[in-house]
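Notes for the one structure printed next.
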Amino acid sequence: MKQRLARILLYVLLIGAAVFYLTPIYVLLVTGFKSFQEVNLATMWALPSGVYLDNFAAAFVKLAPNLSNSLSLTVAATIISAFLGSLNGYVLSKWKFRGADALFTAVLFGMFIPYQSILIPLVRFMQMIGLYGRLWGLVLVHVIYGIPITTLIFRNYYATVVPNEMVEAAHIDGADLLGIYRYVMLPLAIPGFVVVMIWQFTSIWNEFLFAVTLTSPRYWPVTVALQNLAGSQIVEWNVQMAGAFLAALPTLLVYIFLSRFFLRGLMAGALKG
Amino acid sequence: MSRKLYPVVALLIVAAMLLAACKPTPVPTEAPVVAPTQAPAAAPGGDLEVFSWWTAGGEAEGLAAMLKVFQAQYPDVNVINATVAGGAGVDARAVLATRMQGGDPPGSFQVHAGHELIDTYVVAGQMEPLTFLYEEEGWLDVMPEDLIKILSSEGEIWSVPVNIHRANVLWYNKSVFEAQGLEPPATWEEFFTVAETLKGAGIIPLSLGEAWTEVHLFETVLLGTLGPEAYAGLWTGETAWNTPEVTKALNNFDRVLDYVNEDYAALSWDQATQLVIDGTAAMNIMGDWAEGYFKAQEWTPGVEFGWAPAPGSGGSFDALSDSFGLPANAPNRDAVIAWLKVCGSKEGQDAFNPIKGSIPARTDGERSLYDEYLQSAMDDFSRDAIVPSLMHGAAAAPSWQQDVIDAVGLFIGNRDVAAFQEALTAACTSAGACQ
Amino acid sequence: MRIRKDRLLAVVLISPSVLAIAIFVYVFIAWTARASVSAWKGLLPDYTFVGLTNFVTLFRNPRFQIDMRNTGIFTVLFLAACLAIGLLLAVLLDQRPKGEAVFRNVYLFPMAISFIVTGVVWRWLLNPATSVERLSGLNLLFHQAGLDFLISQWYTHSRLGIAAIVIPATWQMSGFTMALYLAGLRSVPDELREAARVDGASEWQIYRYIILPMLKTVTLSAIIILGHTSLKIFDLVMAITQEGGKGFSADVPAMNMWYTAFRALRFGQGAAIAIIILVTVAVLIVPYLVYTFRTEVEQ
């Protein structure tokens, strides 16, 4: 009996929590399907009178180039920073030279800094090297500021999953540093890659501060374009919400399909300590 | 396993790099040496980047109409319509400031006429004076003197105003007023009487929105209490801030806050105007872009909604203007000057303004193109005393404006009039206008 | 011989990253610090040294004082809420209910969405109108459910406005905390739990005495990640309040910096705010980094 009650309580809590997490999405979708006249603060909870797919079509037309920008930016930066991290993590976990740990700590600090503290010099630097306003510039920025977290994840991951004996054995068999990377580390690194790529994909896709400061309108990622959809005068909230949903779709899909691997990677030691 | 993986991986990296690099790059235009002022010999061609925050609705359409006029006159120019949005242009200004700092100006950019332009780009030496253009095109004869004053600094004129908006307008719901037997108040004393009646009837007297709309309301209270000369003097140092007259204005503002909707800190300006349409509120003090909103909700000027100058400001025109300027190292200077000519022309302004919902900066606009409200605004513009708006960039430098915004924000939190007045006085001093 | 060549190669391989971080983090921070002690106002750089004037002005500024208070309140509440909810959800999911994967995804997905997307929705949900005719958002929901006592002014409340911002922030990050805890819970070997059960311990006791103590490391990681996020929070507050709520009830330093630098063009002062945020974060992070560094060296 007590078991049963406990079980019921469990589901009540779980479902209640789920409602909390889903509420904003409900409002988002419901507004996205309404016509302009229907959108009103007083009736925000009401279901739409019909299904106005026009909003999504209109939002897609406006956001398509930016979605494409975001895709190029995020895929490029994610892949590059993942490989950089995997290489760095490997070196720092299996090839510790003198001062490697101190160096790593210094690099790790970069993960925590508030971006406001480097924003202005960053802008001037990008202007100096001619990458200001270009998408490639934003890719570079994300790759560099992604170094600490990707290195951390891989370093911990390798330390947990690849025993030193394995590395030594390969060494004895005649493999050098790069060979070990290629034949020993990479094959085992898949879960690490999954965690890093999911993390980076989400962070970079959703990032706003660098995006709004460093790109010109032609290269705007979708986060900036979404703010822009709000216009400077009258806002069409229904189109805005539809657009917001479209902008959130890629990362949502990544999570829906890959969260299992994300958790698996976490458990395999990617984020210990 | 890893053998096969390697080339795939290498391919992925290369593909990733190609993806990012393969976006079409805009032709980076070199900054030319500043050409001497001369009439362009041949029809201008090349690219022209026009930078604004007119991204949606009537504004975007109005801009498109004006660009069409331009394109018809100068078909060889390739116009790049670059826009950045974000409430009254704050994001746009951030982007623009960064570009100007980096020596990468657009061809021409939208900027609020007055101190927003002067104290940002002119003092940094990044703009070319346009007095020559005004003389060439005869604009000094068709634009009011007060307006030219707002556009000038150090004896030169710095931008070409395309439109004029009025900030000190009181909009009201006609049926609510009729039902209560009220007339739009002409002074602040009358306002409070009207407000009491409305409050008693369970109607919110004045609807208000967040942040900048509060400062907008504040400046109309200042104007309505002090009168146009004293108000304009606040921004030049002629009127001191720590005087009893200013205290009176601040007290009026304090009182007004008792008659607004309680959730104003969460409403955007249009949501506040919506309250008047819903009949929940009776009045709304907002610039005349609100008319565009009323019309979008299918209300007709003079039928469902009426207007009057904000209390106490009859005879004063609190002006703001969107204008375009000439950056000192603008790419394709000839095209920019051509664009500016269209901006200041009757044809250009009459193409833009009826759609945008504002009035031309020229006094010779074609009246028949404008609706009832705009016609009355045009009349007022040609005879009222024109004063610069603070919230919309005409009256003061951005840093001073920010100080006032902060002071208003704090006052709304603590309602301490004395501290408010002190903060405003200090703001004037730190801006260098007062002693 | 080969080892030495490999060691050298290791250093070479890692150099570009180290160099990049050296410039993009440390050099830039130094630059900002230099700007923070300068008189720079307006578009033209002005490096006139003014000592700590900018900082003094800031600490005397009423708006900035409110900001600092808000940061303190926000951080404490946000950490407490995320840890508590994250742990609770992880424990619940650890019971292996039916549809565990679905629940897990629901709790985790907010992390995938940016605040630029949900900001407007939260703004509507947290609408501060309290009079019956004007109710909207959560207040309306509470009223319709008969829970009038829950109606609040949310982020426009003069003292506790910032606490309202904790709600969307927790909504987004508690799933991540849950994932961390779940991973931690799952890594406790079943045999350990079985052994305890055989010895007669109840589920509750197993949690209390065996499992929770093992979660200390996870909690520390979570505090570090959540903590530094909350100290520099910007997107969320910007999306919901635009200008910091009523009387700056929900204003935060990062937003103050944005307006100071990019609207008022006071770059010197903006840099000073940035340095203050950085120092606040460093106070939290540096001890942690030193601690992990020391424990690594011991190994």
Worksheet, complete the sentence: Conditions (1) within 15 Å of the chain's Cα centre (by Cα); (2) of a type in the set (Asp, Glu); (3) more than 10 Å from every other protein chain (Cβ to nearest Cβ) -> A:GLU207 fails only (3)
Worksheet item: Is it fair to say C:ILE277 is in contact (Cβ under 8 Å) with a residue 40 or more places away in the chain, within 14 Å of chain B (Cβ to nearest Cβ), assigned to a helix (DSSP H, G or I) and crowded, with 24+ Cβ neighbours inside 10 Å?
Response: no
Discussion item. Please determine whether any residue of the range A:165-175 is crowded, with 24+ Cβ neighbours inside 10 Å, among the aliphatic types (A, V, I, L, M) and within 14 Å of chain B (Cβ to nearest Cβ).
Written reply: no
Item to complete: Looking only at the range B:198-217, decide whether some residue is without any contact (Cβ under 8 Å) to a residue 12 or more places away in the chain and closer than 21 Å to C:VAL132 by Cα.
Response: yes
Response to the item:
Expected single match for over 21 Å from B:GLY357 (Cβ atoms), assigned to a helix (DSSP H, G or I), outside the structural domain of B:VAL79 (by TED's automatic domain parsing) and over 18 Å from the mean Cα position of the chain (by Cα) among B:LEU198, B:LEU206 is B:LEU198
Discussion item. Looking at (1) under 16 Å from the mean Cα position of the chain (by Cα); (2) buried (at least 23 other Cβ atoms within 10 Å of the Cβ); (3) not acidic (Asp, Glu), which one does C:GLY72 not meet, given that it meets all the others?
Written reply: (2)
Worksheet item: If you go through the range B:423-432 one residue at a time, do you hit one that is modelled with pLDDT of 90 or more, under 17 Å from the mean Cα position of the chain (by Cα) and not aliphatic (A, V, I, L, M)?
Response: no
Worksheet, complete the sentence: Out of (1) touching a Gly at 6+ places or on another chain (Cβ under 8 Å); (2) on the phi < 0 side of the Ramachandran plot; (3) surrounded by 23 or more Cβ atoms within 10 Å (Cβ to Cβ), the one C:PRO253 does not meet is (1)
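Would you say B:PRO144 is touching a residue at least 24 places away in the same chain (Cβ under 8 Å), within 30 Å of A:PRO217 (Cβ to Cβ) and not assigned by TED's automatic domain parsing to the domain that holds B:ALA232?
no
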Discussion item. Take the residues in the range B:111-159 that are of a type in the set (A, V, I, L, M, F, W, C), under 18 Å from B:VAL336 (Cβ atoms) and more than 14 Å from every other protein chain (Cβ to nearest Cβ); name whichever of them is surrounded by the fewest Cβ atoms within 10 Å (Cβ to Cβ).
Written reply: B:PHE132
Response to the item:
In the set B:ALA296, B:ALA328, the lone residue that is assigned by TED's automatic domain parsing to the domain that holds B:ILE118, surrounded by fewer than 20 Cβ atoms within 10 Å (Cβ to Cβ) and of a type outside the set (Asp, Glu) is B:ALA328
Worksheet item: B:SER108 versus (1) surrounded by 23 or more Cβ atoms within 10 Å (Cβ to Cβ); (2) free of Cβ contacts under 8 Å to residues at least 24 places away in the same chain; (3) of a type in the set (Ser, Thr, Tyr): which is the lone unmet condition?
Response: (2)
Practice prompt. Could you check, for the range A:164-172, whether at least one of its residues is out of contact with any Asp or Glu (no Cβ under 9 Å at 6 or more places or on another chain), touching a residue at least 24 places away in the same chain (Cβ under 8 Å) and not aliphatic (A, V, I, L, M)?
Written response: yes
Discussion item. Which condition from (1) surrounded by 16 or more Cβ atoms within 10 Å (Cβ to Cβ); (2) within 20 Å of A:SER117 (Cβ to Cβ); (3) within 11 Å of another protein chain (Cβ to nearest Cβ); (4) at pLDDT 90 or above is the one that C:ALA30 breaks?
Written reply: (1)
Worksheet item: For B:GLU183, are the conditions met, namely being at pLDDT below 95, closer than 30 Å to B:GLN297 by Cβ and not in a helix (DSSP H, G or I)?
Response: yes
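Name every residue in the range C:128-145 that is part of a loop (DSSP other than H, G, I, E, B) and either of a type outside the set (Ser, Thr, Tyr) or more than 32 Å from the chain's Cα centre (by Cα) (or both), in order of residue number.
Correct list: C:PRO128, C:ALA129, C:SER131, C:LEU135, C:ALA145.
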Discussion item. Checking the condition over 17 Å from the mean Cα position of the chain (by Cα) and assigned to a helix (DSSP H, G or I), which residue from B:ASP141, B:ASP119 passes?
Written reply: B:ASP141
Practice prompt. From (1) part of a helix (DSSP H, G or I); (2) out of contact with any Lys or Arg (no Cβ under 8 Å at 6 or more places or on another chain); (3) in contact (Cβ under 8 Å) with a residue 24 or more places away in the chain, pick out the condition that doesn't hold for A:ARG7.
Written response: (3)
Worksheet entry | A:ASN66, sole failed condition from (1) modelled with pLDDT under 85; (2) under 17 Å from A:ALA248 (Cβ atoms) | (1)
Worksheet item: Which residues, counting only those in the range B:209-225, are within 16 Å of B:ASP270 (Cβ to Cβ), within 11 Å of chain C (Cβ to nearest Cβ) and assigned to a helix (DSSP H, G or I)?
Response: B:ALA211, B:TRP212, B:THR213, B:GLU214
Discussion item. Looking at the range B:166-187 only, could you name the residues that are crowded, with 21+ Cβ neighbours inside 10 Å and either acidic (Asp, Glu) or over 19 Å from B:GLY279 (Cα atoms) (or both)?
Written reply: B:ARG166, B:ALA167, B:ASN168
Worksheet, complete the sentence: Listed by first then second residue, the pairs whose first member lies in the range C:49-68 and is surrounded by 15 or more Cβ atoms within 10 Å (Cβ to Cβ), whose partner is β-branched (Val, Ile, Thr), with beta carbons under 6 Å and at least 6 positions apart or on separate chains, are C:ASP67/C:VAL252
Worksheet item: Among B:PHE191, B:PHE218, which is touching a strand residue (DSSP E or B) at 6+ places or on another chain (Cβ under 9 Å) and crowded, with 24+ Cβ neighbours inside 10 Å?
Response: B:PHE191
Worksheet, complete the sentence: Going through the range A:103-120 in order, the residues found to be facing another protein chain (nearest Cβ under 7 Å) and surrounded by fewer than 21 Cβ atoms within 10 Å (Cβ to Cβ) are A:LEU103, A:THR105, A:PHE109
Discussion item. Which condition from (1) of a type outside the set (Ser, Thr, Tyr); (2) closer than 26 Å to C:TRP122 by Cβ; (3) away from chain B (no Cβ under 14 Å) is the one that C:GLN242 breaks?
Written reply: (3)
Discussion item. Based on this model, can you work out whether A:LEU13 counts as within 12 Å of chain B (Cβ to nearest Cβ) and surrounded by 13 or more Cβ atoms within 10 Å (Cβ to Cβ)?
Written reply: no
Worksheet item: Which of (1) away from chain A (no Cβ under 13 Å); (2) basic (Lys, Arg); (3) in contact (Cβ under 8 Å) with a residue 60 or more places away in the chain is the odd one out, the single condition C:ARG123 does not satisfy?
Response: (1)
Discussion item. Suppose we filter the range B:311-325 for residues that are crowded, with 19+ Cβ neighbours inside 10 Å and more than 18 Å from the chain's Cα centre (by Cα); how many remain?
Written reply: 3
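The values are calculated or read from the model by the stated rules, or taken from the named source; none is laboratory data. Small disclaimer: the values here were computed from a predicted structure and weren't measured. For neighbour counting, all protein chains shown are included, and Cβ atoms are generated from backbone atoms with ideal geometry for every residue, glycine included.
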